[in-house]
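Here the structure is laid out as structure tokens; the discussion comes afterwards.
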Amino acid sequence: MFSQLKPVAIDPILGLMAAYREDPNPLKVDLGVGVYKDEQGHTAVLKCVKEAEALRLKHEDSKTYVGMAGDPSFNTHIEKLAFGATHTVLLANRVVTAHTPGGTGALRVAAEFIKRANPDATIWVTTPTWANHISLFQAAGLKVKEYAYYDYDTKGLQVEQMFADLEQIPAGDVVLVHACCHNPSGMDLNFEQWQRFTAIAKERGFTPLVDMAYQGFGAGLDEDAAGLRYLAEQVPEMILCSSCSKNFGLYRERIGAVSVVGSNSKETDVVRANLLSVVRGIYSMPPTHGAIIVSHILDSAELTALWHDELAEMRNRINSYRQLIIDKFTAEGITQDFSFIARQHGMFSFLGINKAQIERLRSEFSIYMVGSSRVSISGLNHANIDYFAKAVATVLKG
């Protein structure tokens, strides 16, 4: 049986990570992996997480299953964090949430749920989108198409083409939209564009699927959720997939959530039964360690305040490096316009350089980024940013 298997291409980012690890150059720079790094290039455990873990170890008295929906306290907290504590969909009991093995697990559960609700649905994703989106949805048997989003020439959004594409999407299909910190481009919808998106969703009757992997990494926890909160107020149904990997630094704990908004509280009973049936057929019960850590943090005013401070420190470091990159490029005599970097949000940016230049950065300078020129901003620090800027200046000058 196994002899019939065909070779599978290595994921480009995973291959990049392996090449970086094997590179002996002491000056090597990793701008590929989508993981937050501090000024020392380390992905440290947050202080609030350390304290919450201590509480968990002190009070945990059982390792029994937690149930298909996961930890109830976590689910309540994540709903309030995403929608806001007094949002109409929460007050009307229109939301069903299940905590999942990471944001990726949330997307796969959402995909299987969509397939059950409408087997003929097509899911529309931005051009470009996170590389794993398409394979996740196709693995669930969904058809995937793309709508215009990022403009590689202007380094902004293809606004009018995007809305023209959305206006052609039929009822019954699903449209994925990034809540904030678009991966891979860093270009987000502003609030006026969220309003236009919402109006089209209502008119056309498609179902929005919001992917929020970076809440708090853009402008702030509430600011980053403003668009999805407005959307949830207006549309009868939507799906939200969220992750605690970045904003809580819980990457390896794999903790996320899928939340489904139904049109009324009665419908949510049917939604809940089907959502949990999907969960049962994939992994049955979620792991709880990460979820309970988050619950301990958000149960405590002191730990919540500490988390807010640590999250702000991460966000501000990334944002400050966006302008610093531009300043360093200017100091190196680069005349090409890179001002767009400061207009983007979150961990990522497209530099807009070509594949030959990307390959030179890797082969001559051991600077690693994916072939699209997407860079992870947090991979830069004061020890390597001058080296990075000089290397980019060299390859741009030919």
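The values are calculated or read from the model by the stated rules, or taken from the named source; none is laboratory data. Note that the coordinates shown come from a computational prediction; the quantities given were computed from them, not determined experimentally. All Cβ positions, glycine included, derive from the backbone under ideal geometry; neighbour counts span all protein chains shown. Side chains are part of the model used for accessible areas, which takes the heavy atoms of the whole protein and leaves out ligands, DNA and RNA. Shrake-Rupley method; radii C 1.70, N 1.55, O 1.52, S 1.80 Å.
Near VAL66, within a Cβ-to-Cβ distance under 15 Å, what is the net charge of the other residues, with Lys and Arg +1 and Asp and Glu -1? Local net charge: 0. For THR127, the residues 5 or more places off, or on other chains, whose built amide H falls under 5 Å of its own are TYR147, TYR149, TYR150. Under 5 Å between amide hydrogens, built in the peptide plane, is the criterion, and for VAL175 it picks out TRP124, THR207, LEU209 among residues at least 5 positions away or on other chains. Classify segment 257-338 as rounded, prolate or oblate from the Cα gyration tensor: take a ≥ b ≥ c as the square roots of its eigenvalues, call it rounded if a/c is under 1.5, otherwise prolate when a/b beats b/c and oblate if not. Prolate.
Averaged over its residues, segment 65-299 has an accessible area of 37 Å² per residue, based on protein heavy atoms and a 1.4 Å probe.
Once you order the gyration tensor axes a ≥ b ≥ c over the Cα atoms, which shape class does segment 331-389 get: rounded for a/c under 1.5, otherwise prolate or oblate by comparing a/b with b/c? Because its axes are fairly even, with a/c under 1.5, segment 331-389 counts as rounded. Pairs spanning more than 20 Å between alpha-carbon atoms, out of LYS115/LYS143; LYS80/LYS246; LYS355/LYS390; LYS58/LYS246: LYS58/LYS246. Which percent, nearest 5, of DSSP beta bridges in the chain are antiparallel? Beta bridges within the chain, antiparallel portion: roughly 50 percent.
Across segment 60-68, coupling constants 3J(HN,Hα) worked out from phi with the 6.51/-1.76/1.60 Karplus curve, θ = phi - 60°, read 5, 10, 7, 10, 6, 4, 9, x, 5 Hz, and Gly and Pro carry x. Rounded, prolate or oblate, given the Cα gyration tensor of segment 186-251, with a/c below 1.5 counting as rounded? Because a/c hits 1.5 or more and a/b exceeds b/c, segment 186-251 counts as prolate. Ranked by the mean number of other Cβ atoms within 10 Å per residue, highest first, peptides 68-74, 357-363, 94-100, 214-220 order as 94-100, 214-220, 68-74, 357-363. Recomputing mean projected area of the Cα convex hull in nm² from the coordinates shown identifies the correct label among (i) 26.5; (ii) 19.7; (iii) 21.3 as (iii). Most simply put, segment 65-299 has about 45% antiparallel DSSP beta bridges, counting only bridges with both residues inside it. Rolling a 1.4 angstrom probe over the chain with all protein chains present gives an accessible area of which 53% lies on carbon and sulfur atoms.
Give me the net charge of TYR214's neighbourhood, meaning all other residues with Cβ under 9 Å from the Cβ of TYR214; Lys, Arg count +1, Asp, Glu -1. Intermediate results must be reported in sequence, preceding the final value.
Numbers: positive: LYS246; negative: ASP224.
The answer is 0.
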